[in-house]
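**Q** Quick one: this structure, given as structure tokens, is what I'll be asking you about.
The values are calculated or read from the model by the stated rules, or taken from the named source; none is laboratory data. Small disclaimer: the values here were computed from a predicted structure and weren't measured. With ideal geometry, Cβ positions are generated from the backbone for all residues, glycine too; neighbour counts draw on all protein chains shown. Ligands, DNA and RNA are excluded from the accessible area calculation, which covers all protein heavy atoms including side chains. Shrake-Rupley method; radii C 1.70, N 1.55, O 1.52, S 1.80 Å.
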Amino acid sequence: MGKALAGKTAIVTGASSGIGGAIAKALAAEGAEVYAAGRTETALKGLIDEIKTADGKAHAAVIDVRDPVSISGLVDRAVKETGRINIMVNNAGLSYPDTIATGKFEHWREMFETNVLGLLAGCQAAIKAMRKGKFEGHIVNISSIAGRREGAGVYGATKAAVNTIGDTLRQELENDPIRVVQIMPGAVMTNFGRNFPRQVVEGLLKSMGENVAPDMEGKLPQEAIDRAQAKAAQMFAHADDIARAVVYAVTQPVTLNIYEMVVRPQRGLPDSVVRPQSA
Ligand SMILES: NC(=O)c1ccc[n+]([C@@H]2O[C@H](COP(=O)([O-])OP(=O)(O)OC[C@H]3O[C@@H](n4cnc5c(N)ncnc54)[C@H](OP(=O)(O)O)[C@@H]3O)[C@@H](O)[C@H]2O)c1
């Protein structure tokens with residue numbers, strides 16, 4: 001049997017780490033030609049090599065999603081090089097978990113520009129290209145259960161916005177062969193904690209028997225992430241778990257609407273970890 005996504009082109013933002021990297025690999029494994037976008041060139045290069053070694057098709061795109069021209073440029077590039085665009089995964093995102101009373105304006109701006117405005121630009125660029133080329137496809141927006149949880153801070157506000165954007169687009173695109181789905185992960189072991197207080201991240205890792213410290217950018221080696229996730233699978237999902245949900249959504253017929261998916265590990269994290277806190 002042929003691969004489910006053979007002959008499709010996909011873009012994944014935030015593919016240089018965590019959930020986005022796993023989504024890029026999973027889509028390529030199903031036969032999609034993938035444009036993996038992110039800011040860290042070395043990480044993207046490693047991902048592309050991995051996909052190619054597994055006989056997949058992938059290209060790196062070093063962009064900052066806060067620049068809408070870069071996003072529409074990437075969509076244009078994908079259409080020019082492959083003749084189509086079918087899947088747009090708006091995944092790039094981050095959290096500064098500060099309380100509102102102590103948080104920094106620049107952090108709020110970065111969260112809204114990345115999680116909301118970058119995602120909006122990705123949605124619009126994909127829709128314009130899909131309509132122009134008459135391509136069928138899916139837009140996948142990576143939200144979070146924080147968009148639903150009460151008191152989830154400014155990060156939660158950005159993800160609530162992502163959910164409203166998806167719900168609105170679903171209605172706007174009712175007459176197009178373009179479906180929109182938002183995926184709301186619970187806790188997933190990735191580099192998401194890069195802007196969290198170091199003592200929280202290191203304490204959590206230590207409780208899992210991991211003594212590795214995050215680098216200057218707050219990132220951890222992938223092997224440490226995988227080891228820690230395996231030890232604490234009831235509390236942290238693996239990025240691959242979210243990628244499988246994405247593959248499910250984008251392999252459905254475009255006449256079927258998958259509105260949203262909540263994908264969480266067995267147990268919730270303690271309140272002391274998920275509540276907004278001062279750095
Ligand atoms: N991990 C969780 O528990 C969890 C739960 C719910 C939702 N999510 C959501 O899942 C998504 C992925 O997060 P993750 O857990 O995989 O975290 P991650 O490992 O930190 O990955 C985040 C990705 O977003 C990229 N990114 C951030 N700002 C960007 C920008 N301005 N332009 C381009 N790329 C940018 C990063 O690129 P660089 O590394 O190159 O900077 C990285 O590839 C986010 O939207 C997050 O809100 C995560």
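**Q** Output the number of residues of segment 182-207 satisfying the condition of being more than 24 Å from Thr99 (Cβ to Cβ) and within 14 Å of the ligand (Cβ to nearest atom).
**A** Kept after step one, since they are more than 24 Å from Thr99 (Cβ to Cβ), are these residues of segment 182-207: 182-183, 189, 206.
Subsequent filtering for residues that are within 14 Å of the ligand (Cβ to nearest atom) retains 182-183, 189.
Looking only at that region, the number is 3.
**Q** Also, quick follow-up: Which residues, counting only those in segment 195-207, are in contact (Cβ under 8 Å) with a residue 40 or more places away in the chain, surrounded by fewer than 19 Cβ atoms within 10 Å (Cβ to Cβ) and outside any loop (DSSP other than H, G, I, E, B)? So that I can check it myself, show each step before the final result.
**A** The initial filter retains those residues of segment 195-207 that are in contact (Cβ under 8 Å) with a residue 40 or more places away in the chain, namely 195-197, 200, 204.
This time we only want the ones that are surrounded by fewer than 19 Cβ atoms within 10 Å (Cβ to Cβ), so: 197, 200.
Once the filter is applied, which keeps residues that are in contact (Cβ under 8 Å) with a residue 40 or more places away in the chain, surrounded by fewer than 19 Cβ atoms within 10 Å (Cβ to Cβ) and outside any loop (DSSP other than H, G, I, E, B), segment 195-207 yields only Val200.
**Q** Let me ask another. Out of everything in segment 230-246 that is farther than 30 Å from Asn86 by Cβ and part of a helix (DSSP H, G or I), what residue ends up being nearest to the chain's Cα centre (by Cα)?
**A** The first filter runs over segment 230-246 and keeps only residues farther than 30 Å from Asn86 by Cβ, leaving 230-236.
When the remaining residues are screened for being part of a helix (DSSP H, G or I), the result is 230-231.
On the way: Ala230: 21, Lys231: 23 Å.
Among those residues, the one meeting the criterion is Ala230.
**Q** Taking the condition of being open to solvent by less than 40 Å² (accessible area, probe 1.4 Å) and among the charged types (D, E, K, R), how many residues in segment 71-116 meet it?
**A** 2
**Q** Kindly provide the set of residues from segment 1-21 that are open to solvent by 10 Å² or more (accessible area, probe 1.4 Å), among the hydrophobic types (A, V, I, L, M, F, W, C) and within 9 Å of the ligand (Cβ to nearest atom), ordered by number.
**A** Ile19
**Q** Count, please, the residues in segment 155-182 that happen to be open to solvent by less than 20 Å² (accessible area, probe 1.4 Å) and part of a strand (DSSP E or B).
**A** Matching residues across segment 155-182 total 4.
**Q** How many residues, within segment 87-126, are assigned to a loop (DSSP other than H, G, I, E, B) and over 21 Å from Ser16 (Cα atoms)? Walk me through it before giving the result.
**A** To start, the set of residues in segment 87-126 that are assigned to a loop (DSSP other than H, G, I, E, B) comprises 91-104.
Cutting the leftovers down to over 21 Å from Ser16 (Cα atoms) gives us 97-104.
Residues in segment 87-126 being assigned to a loop (DSSP other than H, G, I, E, B) and over 21 Å from Ser16 (Cα atoms): 8 in total.
**Q** Something else about it: Taking the residues in segment 208-225 that are more than 17 Å from Pro197 (Cβ to Cβ), open to solvent by less than 40 Å² (accessible area, probe 1.4 Å) and modelled with pLDDT of 90 or more as candidates, determine which candidate is nearest to the ligand (Cβ to nearest atom).
**A** So, considering only residues that are more than 17 Å from Pro197 (Cβ to Cβ), open to solvent by less than 40 Å² (accessible area, probe 1.4 Å) and modelled with pLDDT of 90 or more, the one nearest to the ligand (Cβ to nearest atom) is Ile225.
**Q** Just the residues that are over 19 Å from Thr9 (Cβ atoms) and part of a loop (DSSP other than H, G, I, E, B), please, taken from segment 247-273.
**A** Thr255, Leu256, Asn257, Ile258, Tyr259, Arg264, Pro265, Gln266, Arg267, Gly268, Leu269, Pro270
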